[in-house]
Every structure is written in C-alpha cells, then in structure tokens.
Amino acid sequence: MTTNRTRSFAAIAAIAVGVSLTACSQETVATPTAAISSASPTTSSGAAPEPAPTDSSDKTSAAVSESRLTVTDVRIGAHENFDRVVYEMGGTGTPGWRVKYVDAAVQEGSGKPMNVAGGAIIQVLIDGSAYPFDSGVEQYSGPNPVPGVAGGVVTEVNGSSVFEGVTQSFIGVTEKRPFSVTTLSDPIRVVVDVAR
C-alpha cells in the first residue's frame, strides 16, 4: 500500500515539474518579441549579442514592382550594441529603401524643413509605399516624433508620410554612427540598426 502511494506521489511530482518547466520555457520564448520595444538593452538568453553595424555609407535596395505597402507602426528598441528603428508595414509586395545621412531634414514635395533632434540625421526613403486607400491598410497614427530610448544613440524618429510611392522618415541620432538596413517578413518590416 505504501509503495503504491509513493509511486503515485512520484508521478504527481514528475507531472508538476514538467508543467513548471513548460511554463518557464514559454516565458523564455516570449522574451525576444517583447524586447524590440523595451527601453533597456536586450539579448536572447544564452546567445551572444548581435554585432553592431560597422559602415555609415548610403544603403539601397529595390522594391518589388507593384508593391503597395503602408507603414502601420514605428518603434525604437535598445539592444546591447545598437539601437533599432522598425517600420512595420501592411499591404502587398516587398519594400525597397534608400537610407543615408543628410545635412538637413527636408520634406519631399513641399521642400519644408523639418526639425529633428540630434547631432546627425539619417533619411529613410521606403519605396513601394502606398496611401491607405491603395494598400487597404490603416496607416500609422501614433506619436510623431517617436522618442528614442533613454541612453540610446537614436534621439527620435520623425515622419512617415507618403509622397509619390515613397515613405519619407528621418532618424535623429546623437552623432554620425555606422548603420545597417534590412527587410524582414511576417510582418513586413524595414529595420534600421544604428551602432551605439
């Protein structure tokens, strides 16, 4: 009788440990998703931090023809070696981009100067962009400018307006630093990493 109770207790204990381990592993999986918009530097647990960009030259990539994309979110995240600016997009196709340092922020179409906080300015032009009535997606309507994270190199992101199939935005940085640009999918994103 005691042996059966001992076995039952051991089985229950094993199940409880298994449930606890499953819950812990689920929390670990969720952490990187939340990290992209956190205010403190983040890395995946146990993984080496991503390297910082090393080049500050102009970056370009062509859009897929017939792309119709609208920026739906703009956010800034802090990582150990860089700050990350994410332009999330909805619609169809694959965006292209032209990203470079500029002396001043000037709005396309109107020629109107824009105030961008920081010691240097990165202009981001996203090709394959469309107005919401063409993409079928509601455009970003959050804060503008988007403030940088405390202690980071990105001071703010200003603008995400569309003009003749191009979304124009400016990234203010504390000083001219190397940067990289990539396109990610599911959801579609143009990502600009600026070295700390």
| field | FRET efficiency for residue 64 and residue 176, using Cβ-Cβ distance with R0 set to 45 Å, rounded to 0.05 | value | 0.90
| request: For the range 120-196, calculate the relative contact order in percent as a whole number, restricting contacts to Cα pairs under 8 Å that are 6 or more residues apart. | output: 32
| request: Set the Förster radius R0 to 30 Å, insert the Cβ-Cβ distance between residue 92 and residue 115 as r into 1/(1 + (r/R0)^6), and round the FRET efficiency to 0.05. | output: 0.30
| message | I'd like to know which of 158, 64, 115 lies farthest towards the positive end of the charge dipole of the range 52-196, counting +1 on Cβ of Lys and Arg and -1 on Cβ of Asp and Glu. | response | 115
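No value in this document is a laboratory result; all are computed from the given coordinates. Fair warning: this is a prediction, and the values are worked out from it, not measured in the lab. Methodologically, a virtual Cβ is constructed for each residue, glycine included, from the backbone with ideal geometry; neighbour enumeration extends over all protein chains shown.
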